[in-house]
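Undergrad: Structure below; questions to follow.
The values are calculated or read from the model by the stated rules, or taken from the named source; none is laboratory data. What you are looking at is a predicted structure, and each value in this text was computed from that prediction instead of being measured. Cβ atoms come from the backbone with ideal geometry, glycine included; neighbour counts cover every protein chain shown. These accessible areas exclude ligands, DNA and RNA; they are computed on the full protein's heavy atoms, side chains included. Shrake-Rupley method; radii C 1.70, N 1.55, O 1.52, S 1.80 Å.
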Amino acid sequence: MNRLPITRALISVSDRTGLVEFARRLHGAGIEIVSSGGTASALSEADIPVTEVADITGAPEMLGGRVKTLHPDIHGGILADLGDEAHRSDLAERGIEPFGLVVVSLYPFESAVAAGAPDSEVLENIDIGGPTLIRAAAKNHAWVATVVSPDQYAEIADQIDEGGTTASTREGMAREAFFHTAQYEAAIVNWLEKDEADHLALALSKVSDARYGENPHQPAALYAAGVSKGWWAAADVLQGKAMSFNNYADADAAWRLANDLPNGSAAIVKHMNACGAATGELMHGAFRMAWACDPLSAFGGVVALNGQLDRETALEISQYFVEVVIARSISDEARAVLAPKENLRVLVAPAPSSHDLNVRTIDDGFLVQRRDSVHVGTEDWEAKSRQPTTDELHNLELAWVVAAHTKSNAIVVVNDGAAVGVGAGDQSRVGAAKRALAKAGKRSAGAVAASDGFFPFRDGVDTLALAGITAIVEPGGSIRDGEVVAAAQEHDVAIMFTHRRHFRH
């Protein structure tokens, strides 16, 4: 294995994590360190010999530090192809020594944005010299190793101790370096585009492989743009097999639904649709009611609990086959109950983040929208027939949230704080109603229903009312709203308009 010794390194970092220890190892290996600004000061204060960039270029920093390393005496030493006699001649003529290592961490642009800094401060955190150094070194990875993160310090220092960097290491670091600058530029583009959105830049890095895709023959992986704040990134996976594409998708759907419901709620999702949801004073009671909604569909689903997974609930869950259980917290007793189910994935996770970008693919293109949000308050709802009772209104709220999380066309039937019938993904509104009622059976008597879209005809209301539904919530907005309201009045059904649709495809 051929190794390329390093005799000279350029270091320019805003993140000083591990800097002194790393620089000491470089100095101990006889490597000259060139630096500037705060990095040079930090090294000098640690009694590590450092050559100032200005001493090499003969040009002091200017424009408040905006121009430091942008100079031929620096970039010539980085970009020179040492296998090219003409390049070596140019270096010799200018008295330029080549660099074998470039270490850069960029100005914390994303941190400034996240902190809500004023635009002037954010602009000052757009690094210019740093990305230029990184790209130059990465382009010339045949001769230069490029380090863009303190996480790489140990690897590069170990290789130096072993005689130098390998070609495969330098190439791998170049790939990381170019992605790093692409990600940085993407963040800048998206910040500048925040009010226009004519351009959207996504630089995604793989977080982990998924067990497989929607089907076992499809490879799949989980990617994130930068450091993800998603619940899955902070979740503790306590046990179980690796997550598949479907597991992640269903877990996200279930967890978002559970967190839009009150504390103490349970939700069960299968194929991205709710097949049970309930609220209760005790978690195991809420789970039991959620499971009772549609036990056949719940088999092999994802259980999400907005609260603690306790021993009683774990005992209830352990009676059934489920793929994933996700909760806010878990008791030691519950962990002991579920531990023998080795294939069951058990996750403890924070609430979903506020990230609201929703992206899906079409043929060689992307559809992008802001993620739907569900307003659960009823103060803006409009009663179009009689006023619902307090119990009906409580159940309508639950039905409305579950409907918003269910694929269209969707009708959700709720009775006594629990979904008892979910009609999902039907091509017609009345078809979704019939499907929900078929699952609810006798439980539809005295229940309420929610529709994610308006009723285009009165047949949906007639179908629900004849099955015993006493109150309905829907967006309204049909040209036949008058006929729909008239149907509700004829059946003495309370009907509420939200004036907001929740289609989900």
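Undergrad: Just checking, does the stretch 414-424 include any residue being open to solvent by less than 80 Å² (accessible area, probe 1.4 Å), among the polar types (S, T, N, Q) and either at pLDDT below 95 or touching an Asp or Glu at 6+ places or on another chain (Cβ under 7 Å) (or both)? Talk me through it step by step, then tell me what you get.
TA: Our first condition is that a residue be open to solvent by less than 80 Å² (accessible area, probe 1.4 Å); within the stretch 414-424, this holds for 414-415, 417-424.
Adding the requirement that they be among the polar types (S, T, N, Q) leaves 415.
Checking the rest, the ones that are also either at pLDDT below 95 or touching an Asp or Glu at 6+ places or on another chain (Cβ under 7 Å) (or both) come to none.
Looking through the stretch 414-424, none of the residues is open to solvent by less than 80 Å² (accessible area, probe 1.4 Å), among the polar types (S, T, N, Q) and either at pLDDT below 95 or touching an Asp or Glu at 6+ places or on another chain (Cβ under 7 Å) (or both).
Undergrad: Next up: Return the only residue of 196, 171 being at pLDDT 85 or above and either in a loop (DSSP other than H, G, I, E, B) or open to solvent by 30 Å² or more (accessible area, probe 1.4 Å) (or both). Explain how you work it out, then say what you get.
TA: Numbers: 196 fails: at pLDDT 85 or above.
Of the residues listed, the single one that is at pLDDT 85 or above and either in a loop (DSSP other than H, G, I, E, B) or open to solvent by 30 Å² or more (accessible area, probe 1.4 Å) (or both) is 171.
Undergrad: State which residue pairs qualify: first residue without any contact (Cβ under 8 Å) to a residue 60 or more places away in the chain and inside the stretch 171-184, second residue assigned to a helix (DSSP H, G or I) and surrounded by fewer than 17 Cβ atoms within 10 Å (Cβ to Cβ) in any location, beta carbons under 8 Å apart, and separation of 6 or more residues or different chains.
TA: As it stands, the answer is 174/139, since those pairs meet every condition given.
Undergrad: Next question, about the same structure. What's the number of the condition residue 347 fails, among (1) surrounded by 18 or more Cβ atoms within 10 Å (Cβ to Cβ); (2) hydrophobic (A, V, I, L, M, F, W, C); (3) part of a loop (DSSP other than H, G, I, E, B)?
TA: Single failed check for residue 347: (3).
Undergrad: Tell me, which strands (runs of 3 or more DSSP E) wholly within the stretch 413-505 include 3 or more residues that are closer than 19 Å to residue 276 by Cα? First the steps, then the outcome.
TA: Working: elements: 418-423, 448-451, 471-474, 494-497.
Correct list: 418-423, 448-451.
Undergrad: Being open to solvent by less than 60 Å² (accessible area, probe 1.4 Å), among the hydroxyl-bearing types (Ser, Thr, Tyr), more than 30 Å from residue 476 (Cβ to Cβ) and in a loop (DSSP other than H, G, I, E, B) narrows it down to one residue among 385, 353; which is it?
TA: Result: 353 is the single residue among 385, 353 that is open to solvent by less than 60 Å² (accessible area, probe 1.4 Å), among the hydroxyl-bearing types (Ser, Thr, Tyr), more than 30 Å from residue 476 (Cβ to Cβ) and in a loop (DSSP other than H, G, I, E, B).
Undergrad: Related question: Give all pairs with beta carbons closer than 6 Å in which a residue from the stretch 349-369 that is under 30 Å from residue 308 (Cβ atoms) meets a residue that is β-branched (Val, Ile, Thr) and at pLDDT 85 or above; count only pairs at least 6 apart in sequence or on separate chains.
TA: 349/326
Undergrad: Quick check on my filter: what residues within the stretch 98-141 are in a helix (DSSP H, G or I) and hydroxyl-bearing (Ser, Thr, Tyr)? So that I can check it myself, show each step before the final result.
TA: Looking only at the stretch 98-141, we keep the residues that are in a helix (DSSP H, G or I), and these are 109-114, 119-124, 129-139.
111, 120, 132, listed by residue number.
Undergrad: If a residue has to be among the hydrophobic types (A, V, I, L, M, F, W, C) and open to solvent by 70 Å² or more (accessible area, probe 1.4 Å) to count, how many in the stretch 200-225 make the cut? Walk me through it before giving the result.
TA: Step one: filter the stretch 200-225 for residues among the hydrophobic types (A, V, I, L, M, F, W, C), giving 200-204, 207, 210, 220-222, 224-225.
From what's left, open to solvent by 70 Å² or more (accessible area, probe 1.4 Å): 200, 202, 204, 207.
Counting residues in the stretch 200-225 that are among the hydrophobic types (A, V, I, L, M, F, W, C) and open to solvent by 70 Å² or more (accessible area, probe 1.4 Å) gives 4.
Undergrad: OK, next. Check every one of the helices (runs of 4 or more DSSP H) wholly within the stretch 1-92 and list those with 1 or more residues that are in contact with a Leu (Cβ under 8 Å, 6 or more places away or on another chain) and surrounded by fewer than 17 Cβ atoms within 10 Å (Cβ to Cβ).
TA: Details: elements: 19-28, 37-45, 53-57, 72-79.
By residue number, 19-28.
Every residue, every condition in (1) open to solvent by 50 Å² or more (accessible area, probe 1.4 Å); (2) in contact with a strand residue (DSSP E or B) (Cβ under 8 Å, 6 or more places away or on another chain); (3) of a type outside the set (A, V, I, L, M); (4) part of a strand (DSSP E or B), yes or no:
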{"residue": "232", "(1), (2), (3), (4)": "yes, yes, yes, no"}
{"residue": "243", "(1), (2), (3), (4)": "no, yes, no, no"}
{"residue": "248", "(1), (2), (3), (4)": "yes, yes, yes, no"}
{"residue": "256", "(1), (2), (3), (4)": "no, no, yes, no"}
{"residue": "291", "(1), (2), (3), (4)": "no, yes, yes, no"}
